[in-house]
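A.B. asks: Okay, handing you the structure first.
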Amino acid sequence: MTQQHTTTPSSVWNKVEGLGFGGDYNPEQWPVSVRLEDLELMREAGVNFLSVGIFSWALLEPSEGTYDFGWLDEVMDNLADIGVKVALATATAAPPAWLVRKHPEILPVTADGTVLGPGSRRHYTPSSSAYRRYAAGITRVLAERYKDHPALALWHVDNELGCHISEFHGEEDAAAFRVWLERRYGSIDALNASWGTAFWSQSYGSFAEIMPPSAAPSTLNPGQQLDFQRFSSWALTDYYHCLVAILREVTPEIPCTTNLMASSATKSMDYFAWAKDLDVIANDHYLVAADPERHIELAFSADLTRGIAGGHPWILMEHSTSAVNWQPRNQPKMPGEMQRNSLAHVARGADAVMFFQWRQSFAGSEKFHSAMVPHGGRDTRVWREVVELGAALKRLEPVRGSRVRSRAAIVFDYEAWWAAEIDSKPSIDVKYLDLLRAFHRALFLRGISVDLVHPSDSLEGYDLVLVCTLYAVSDRNAATIAGAAAAGATVLVSYFSGVVDMQDHVRLGGYPGAFRDLLGVRVEEFHPLLAGSQLKLSDGTVSSVWSEHVHLAGAEAVQTFTEYPLEGVPSLTRRAVGSGAAWYLATFPDRDGIESILDTLLDESGVAPVADADPGVELVRRTSDDGHSFLFAINHTRSAAAVAATGTDLLTGAPFSGSVAAGAVAVVAEG
Ligand code: GLA
């Protein structure tokens with residue numbers, strides 16, 4: 001549980017000067033001679049911020065209660081000498097062998113009862129009392145030892161909580177789940193009502209009878225599944241709190257964080273809920289090399305991270321200089337791609353750019369993962385690009401603290417994502433992210449910034465609000481969305497939104513229950529499409545995945561289905577609401593269809609691109625509170641591209657020419 005402390009942590013941005021630049025530093029893998037060379041190379045690259053000691057527990061505490069801090073003392077002192085600030089890890093992301101031997105019950109158990117063994121990393125369950133005790137022990141020893149160290153700027157708690165495995169099914173996990181449920185519901189009757197256990201004879205007589213969802217003959221109770229997701233996300237933060245409570249006690253002024261993995265691939269953790277417990281948001285992001293639009297996925301992940309950070313500057317805690325080692329085929333980054341990636345994160349709100357890792361390992365599972373210092377040393381493209389990036393970030397210091405200000409918002413909710421994808425739905429083809437990302441992509445291609453906001457966030461100030469497959473929504477949050485339309489925004493709600501409440505109970509009387517009045521429609525029956533089928537719509541565009549029997553109840557039809565049995569039934573509707581409008585989209589249009597709907601919504605809402613540019617240029621503007629504005633123009637094409645902006649290109653120091661070279665980036669201080 002979080003403890004109350006009188007001293008509040010100071011901001012990491014008071015400690016790290018300029019934009020942060022560095023990465024995970026694992027000096028324990030190297031002899032002293034290499035560690036000394038590291039210092040020279042760090043100076044050359046302009047490194048000012050490193051995460052240290054993430055996987056070092058077994059070396060720091062080689063046997064229970066015996067410590068060896070010699071190497072870490074030396075590293076911390078040397079880094080302080082060259083002005084590098086440290087995000088010091090609690091070292092708890094991989095338990096030492098002696099601890100596993102003594103307490104094998106700390107090991108994670110999967111839903112089918114498999115115990116995951118040691119020899120890798122993250123082989124513990126966050127609800128293990130023994131693990132928490134020992135993790136708290138090493139955390140306290142580290143905190144006491146380095147509390148006054150001049151290099152210490154931030155606590156890096158554990159590492160990527162929930163990575164590899166995020167749901168745990170052991171005995172202590174089951175017990176913690178029961179306690180969590182009892183706290184949530186208060187009585188077993190309330191739980192039975194919420195889970196709808198009258199169905200299939202699933203009623204419980206007491207909390208003691210409840211188990212985490214596990215292998216079963218058929219589909220499991222959806223309420224149980226949804227609550228287990230909620231619990232599992234919470235259990236990781238509860239463990240985080242155990243360690244943070246110690247850090248707050250020993251070093252109340254040092255901020256704490258843990259590195260998130262916000263991206264289109266991470267579903268299990270509710271990072272919007274986590275955010276309130278982190279003093280600064282830190283995110284790790286890795287490109288999927290096989291995705292030809294990987295820069296658009298990056299933009300989505302960075303926008304999501306900014307949303308989680310509530311718009312405040314955040315730390316890109318890890319990305320890669322080039323290839324990773326864990327995809328099926330690990331293609332290196334193309335020349336200039338690392339800089340485009342790094343600066344795209346900065347454009348979208350990161351004030352620190354860090355990598356996994358500083359020096360490429362020569363042994364271990366990740367020896368073929370790229371790093372800032374590659375196996376080949378200084379005479380390599382990667383090293384030259386790292387040095388260039390360090391210099392670029394130095395020139396971008398004026399950008400620090402400025403913010404992306406968007407007029408468009410996409411509502412994003414992990415709980416709605418979980419609920420929408422629990423089994424036994426009308427179609428397995430309805431994936432929470434698909435439509436949402438299709439709209440994000442179309443906005444990206446137009447150079448329009450969009451914030452990803454939680455449904456409980458205020459929508460004030462947004463002129464365009466997109467609500468995509470928000471299957472589960474509370475009355476309160478549905479009212480906020482309706483309020484945005486009444487206040488003048490153009491709001492689009494899609495199919496499979498507002499169908500259930502947060503208990504996954506269907507809102508009766510016709511879909512989309514929570515939004516029926518706002519939208520002025522009533523949906524009688526879902527008509528999901530069979531695999532591979534498409535539908536022609538009245539404006540000539542094509543859609544897939546979904547159709548439904550929509551009745552108008554106050555809205556006007558803008559577009560209709562054309563095929564049996566829904567010919568003439570509305571597929572897109574609009575209802576004027578206050579000074580705004582509420583649109584309903586009853587199908588999943590193809591890319592042309594999405595673009596044409598989006599253009600209509602942009603016209604109506606007046607939301608425009610941040611600048612005019614040739615296609616293929618990513619555009620984002622950051623503005624500071626004192627009125628300075630910085631236009632990031634990232635050319636993802638292999639030819640020069642025109643961008644309509646005037647001012648000084650911070651990266652060259654020269655007036656911006658109006659053209660960005662092939663694969664290059666310009667950051668124009670406008671005016
Ligand atoms: C994660 C981890 C790092 C490293 C990288 C490799 O982000 O936090 O320790 O394993 O992946 O891409």
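The values are calculated or read from the model by the stated rules, or taken from the named source; none is laboratory data. From a predicted model like this one, the values you see are computed outputs, not experimental measurements. All Cβ positions, glycine included, derive from the backbone under ideal geometry; neighbour counts span all protein chains shown. Side chains included, ligands, DNA and RNA excluded: accessible areas come from the protein's heavy atoms. Shrake-Rupley method; radii C 1.70, N 1.55, O 1.52, S 1.80 Å.
A.B. asks: Quick one: order 468, 242 from most to least accessible surface, probe 1.4 Å. Each step should come with its number before you reach the end.
C.D. replies: On the way: 468 0, 242 35 Å².
Reading off the accessible areas and sorting them downward yields 242, 468.
A.B. asks: What does the convex hull of the alpha-carbon atoms of the range 538-671 project to on average, in nm²?
C.D. replies: If I average the Cα hull's projected area over directions, I get 11.4 nm².
A.B. asks: Sorted by accessible area with a 1.4 angstrom probe, largest first, how do 511, 471 fall?
C.D. replies: Values: 511 60, 471 15 Å².
Descending accessible area places them as 511, 471.
A.B. asks: Here's a follow-up. Just the number, please: carbon plus sulfur as a percent of the accessible area of the chain, 1.4 Å probe, no ligands or DNA/RNA counted. Let's see the in-between values first.
C.D. replies: Numbers: 13230 of 25530 Å².
Carbon and sulfur together cover 52 percent of it.
A.B. asks: Kindly write out, for the range 660-671 in residue order, the coupling ³J(HN,Hα) from the Karplus curve 6.51 cos²θ - 1.76 cosθ + 1.60 (θ = phi - 60°), rounded to whole Hz, with x marking Gly and Pro.
C.D. replies: Here the 3J(HN,Hα) series is 10, 4, 3, x, 9, 10, 10, 10, 8, 6, 7, x Hz.
A.B. asks: In the chain, what % of DSSP beta bridges are antiparallel (nearest 5)?
C.D. replies: 50
A.B. asks: Provide the per residue accessible area, probe 1.4 Å, for the range 484-564, rounded to a whole number of square angstrom.
C.D. replies: Numbers: 3490 Å² over 81 residues.
Counting only protein heavy atoms, the per-residue value for the range 484-564 is 43 Å².
A.B. asks: Let me ask you something else. To the nearest Å, what is the center-to-center distance of the range 337-407 and the range 222-244, using C-alpha atoms only?
C.D. replies: Going from one Cα centre to the other spans 32 Å.
A.B. asks: Taking the alpha-carbon set of the range 408-605, what are its Rg and Dmax in Å?
C.D. replies: 15.1, 42
A.B. asks: Kirkwood hydrodynamic radius, the chain, all distinct C-alpha pairs: what's the number in Å? Let's see the in-between values first.
C.D. replies: Details: mean 1/r = 0.0377 Å⁻¹.
The Cα-based Kirkwood calculation yields 26.5 Å.
A.B. asks: Here's a follow-up. Using the charge dipole of the chain (Lys, Arg: +1 at Cβ; Asp, Glu: -1 at Cβ; taken about the Cα centre), state which of 608, 497, 91 has its Cα farthest towards the positive end.
C.D. replies: Most positive-ward Cα: 91.
A.B. asks: Also: For residue 85, enumerate residues with amide H under 5 Å from its amide H, sequence gap 5+ or separate chain, H modeled in the peptide plane.
C.D. replies: Those lying under 5 Å, H to H, from residue 85 are 49, 50.
A.B. asks: Accessible area per residue of the range 617-670 at 1.4 Å probe, in Å²? List each step's numbers first, then the result.
C.D. replies: Numbers: 2200 Å² over 54 residues.
Here the per-residue accessible area is 41 Å².
A.B. asks: While we're looking at this one, here's another question. So how do 248, 405 rank on accessible area, 1.4 Å probe, biggest first, that is with the largest at the start? Provide the component values of the computation, followed by the final result.
C.D. replies: On the way: 248 40, 405 125 Å².
Final ranking, largest accessible area leading: 405, 248.
A.B. asks: Taking the mean number of other Cβ atoms within 10 Å as a proxy for protection, how do you rank 179-190, 633-644 from highest to lowest? Walk me through the numbers before you get to the answer.
C.D. replies: Values: 179-190: 14.3, 633-644: 17.8.
In decreasing order of mean packing, 179-190, 633-644 become 633-644, 179-190.
A.B. asks: May I have the extent of the alpha carbons of the range 617-670 along their three principal axes, as whole Å values ordered from largest to smallest?
C.D. replies: Projected onto its principal axes, the Cα set of the range 617-670 covers 36, 20, 16 Å.
A.B. asks: Once phi is turned into θ = phi - 60°, what whole-Hz ³J(HN,Hα) does the Karplus curve with 6.51, -1.76 and 1.60 give for every residue of the range 427-435, x standing for Gly and Pro?
C.D. replies: 8, 6, 7, 7, 10, 3, 7, 4, 5
A.B. asks: While we're here: With +1 assigned to the C-beta of every Lys and Arg and -1 to the C-beta of every Asp and Glu, and no other charges, what is the dipole magnitude of the chain about the Cα centre in debye, to the nearest 20?
C.D. replies: Numbers: 53 positive and 81 negative charges, 111 e Å.
So the dipole magnitude of the chain works out to roughly 540 debye.
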